1. Please verify whether the range 93-102 includes one or more residues that are touching a His at 6+ places or on another chain (Cβ under 6 Å) and not polar (S, T, N, Q).
2. Where in the range 193-284 are the strands (runs of 3 or more DSSP E), entirely inside, with at least 1 residues that are crowded, with 23+ Cβ neighbours inside 10 Å?
3. Only residues in the range 294-319 that are without any contact (Cβ under 8 Å) to a residue 24 or more places away in the chain count as the first member; pair them with residues that are assigned to a strand (DSSP E or B), Cβ under 6 angstrom, at least 6 apart or cross-chain, and list the lot.
4. Name the residue that is surrounded by the fewest Cβ atoms within 10 Å (Cβ to Cβ), counting only residues in the range 353-381 that are closer than 14 Å to Gly341 by Cβ and of a type in the set (Lys, Arg).
5. Consider the range 350-365. How many of its residues are in contact (Cβ under 8 Å) with a residue 60 or more places away in the chain and either aliphatic (A, V, I, L, M) or in contact with a Phe, Trp or Tyr (Cβ under 9 Å, 6 or more places away or on another chain) (or both)?
6. Name the residues in the range 52-76 that are surrounded by 15 or more Cβ atoms within 10 Å (Cβ to Cβ), among the hydrophobic types (A, V, I, L, M, F, W, C) and not in a strand (DSSP E or B), would you?
7. Looking at Arg108, Arg87, which one is of a type in the set (D, E, K, R), touching an Asp or Glu at 6+ places or on another chain (Cβ under 9 Å) and closer than 21 Å to Gly68 by Cβ?
8. Collect the residues in the range 88-107 that are at pLDDT 90 or above and under 22 Å from Arg12 (Cβ atoms), keeping them in residue-number order.
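The values are calculated or read from the model by the stated rules, or taken from the named source; none is laboratory data. Computed from a predicted structure; not experimentally measured. In this analysis, Cβ positions are derived from the backbone assuming ideal geometry, glycine residues included, and neighbour counts consider all displayed protein chains.
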Amino acid sequence: MRYVAGIDVGSRTTKCVILDADGRIVGQALETTGAFLTQAAERALAAALQAAGLTRADLAYIASTGWGRYQVPFRDVQITDITCHARAAVHLFPNTRTVLDIGAQNTRAIRVEPNGRVRAFRMNNRCAAGAGRFLERTAAALEVPLEEMGAWALRSQHPERISSICAVLAESEVINLVSHEARIEDILAGVHQALVERIASLVRQVGAEPELTLTGGVAQNVGMVHMLRQYLGMEVNVSPLAIYAGALGAALLGWSRVRRLRWGTLPAGVRPLTVQDAGRIAEIEAVLTGMAADPDRWAQRLRAYTEWGEPALGYEADGRLVGYVLGFIRGREFGLPDRSGWVEFIGVDPGYQHRGIGRVLLEAVLTYFRNAGVREVYTLIPEAWRDLEAFFRTVAFRPVSLECLRLELAEPQTRGHRP
């Protein structure tokens with residue numbers, strides 16, 4: 001099985017996420033960025049590989065994002081962090097239409113399409129006063145642990161007003177409040193409220209729509225999440241993976257690029273199959289062949305195809321899977337050329353046949369074979385399946401002089417034990 005890594009080099013921390021072909025996280029890591037960005041990316045990748053039990057050789061692709069994305073010399077592609085956070089948010093919460101990414105240096109409000117594509121965005125443009133660094137400076141000034149300041153803020157009964165829009169001047173205000181013996185929790189509540197007001201302005205500018213998903217390190221701040229929900233008047237989705245959203249989105253988009261390189265541009269309605277499709281494929285096969293549906297067998301088969309990196313595609317119509325095709329590449333079998341393509345399974349729900357779906361799926365697999373350097377493609381068809389043979393002939397498949405032989409083995413006899 002091959003994997004894709006996404007690396008998010010932020011101004012404060014560097015994150016890495018490794019995904020398998022089904023989009024499952026198999027390894028993740030977080031490192032302090034520091035002054036040397038390339039080394040931070042190396043450390044994060046090494047830690048994520050160790051967590052996954054993998055080596056660099058297992059990676060098919062590496063995508064970088066974040067503030068320091070250009071400082072990852074071993075990347076295959078760099079992707080903007082806005083694009084990555086949008087993709088990750090929709091992956092984590094499929095009904096997301098607005099993303100709020102609050103990192104250490106920047107805050108971004110992003111409006112997204114259902115597929116995660118960015119429609120519009122707005123960013124803070126007044127240094128760090130509208131982002132996580134503002135909270136960091138305040139925590140340092142008040143000598144409160146950064147991870148605890150949100151909980152402290154929620155204890156306040158009388159929040160102090162912080163008026164400065166500059167992080168440096170706001171820090172001076174905080175120090176002044178301390179000198180006047182203001183309560184720590186009231187100062188922290190005021191800082192959180194000031195930040196929320198600036199962030200809410202970005203959300204309004206972008207034309208926010210529910211659901212709203214929060215990403216970035218500040219998503220771990222319970223006080224910020226609580227005040228955002230109150231101030232915006234809508235639910236705010238928060239995932240335990242929020243701080244990894246940039247790296248996750250980079251890995252997801254990296255897999256999309258790997259598949260485009262492998263498949264070319266897939267036709268409308270066609271997508272790679274996953275193990276989750278096993279039940280639906282078993283249903284279609286049962287109708288086509290009269291055999292009992294066996295989703296477990298199909299799940300095992302799809303896992304094997306994923307591990308081997310072989311082509312397995314499905315066709316969606318009316319919101320569900322209605323067709324499938326699976327193939328593989330082998331060499332020097334049956335006296336055939338060194339690299340031969342085989343179409344092992346193809347099927348279309350009878351209710352969707354005669355619409356060209358089977359041909360679209362087959363052509364997509366043939367494109368994969370061409371891109372892989374294959375020049376001859378084969379398939380095996382039972383003699384009774386004349387309709388299927390006629391279908392393959394429409395795309396120029398022709399009989400060849402290969403003969404299929406079968407041997408039936410008797411069941412082994414159970415030997416009795418000697419007394």
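1. Restricting attention to the range 93-102, the residues satisfying the condition of being touching a His at 6+ places or on another chain (Cβ under 6 Å) are 99, 101.
With the extra rule that they be not polar (S, T, N, Q), the set shrinks to 99, 101.
Within the range 93-102, one or more residues are touching a His at 6+ places or on another chain (Cβ under 6 Å) and not polar (S, T, N, Q).
2. Details: elements: 212-215, 236-238, 270-272.
Counting at least 1 such residues, we get 212-215.
3. Close Cβ pairs (under 6 Å, with a partner that is assigned to a strand (DSSP E or B)) amount to Glu310/Phe328.
4. By that ranking, first place goes to Arg375.
5. Going through the range 350-365, the residues in contact (Cβ under 8 Å) with a residue 60 or more places away in the chain turn out to be 350, 357, 360-361, 363-364.
Right, trim to either aliphatic (A, V, I, L, M) or in contact with a Phe, Trp or Tyr (Cβ under 9 Å, 6 or more places away or on another chain) (or both) and you get 357, 360-361, 364.
Of the residues in that region, 4 qualify.
6. Applying the first criterion (surrounded by 15 or more Cβ atoms within 10 Å (Cβ to Cβ)) to the range 52-76 yields 52, 54, 58-69, 71-72, 75-76.
Filter again for among the hydrophobic types (A, V, I, L, M, F, W, C), leaving 52, 54, 59-60, 62-63, 67, 72.
Ala52, Leu54, Trp67, Val72 - these are the residues of the range 52-76 that are surrounded by 15 or more Cβ atoms within 10 Å (Cβ to Cβ), among the hydrophobic types (A, V, I, L, M, F, W, C) and not in a strand (DSSP E or B).
7. The match here is Arg108.
8. To start, the set of residues in the range 88-107 that are at pLDDT 90 or above comprises 88-101.
The answer is Ala88, Ala89, Leu92, Val99, Leu100, Asp101.
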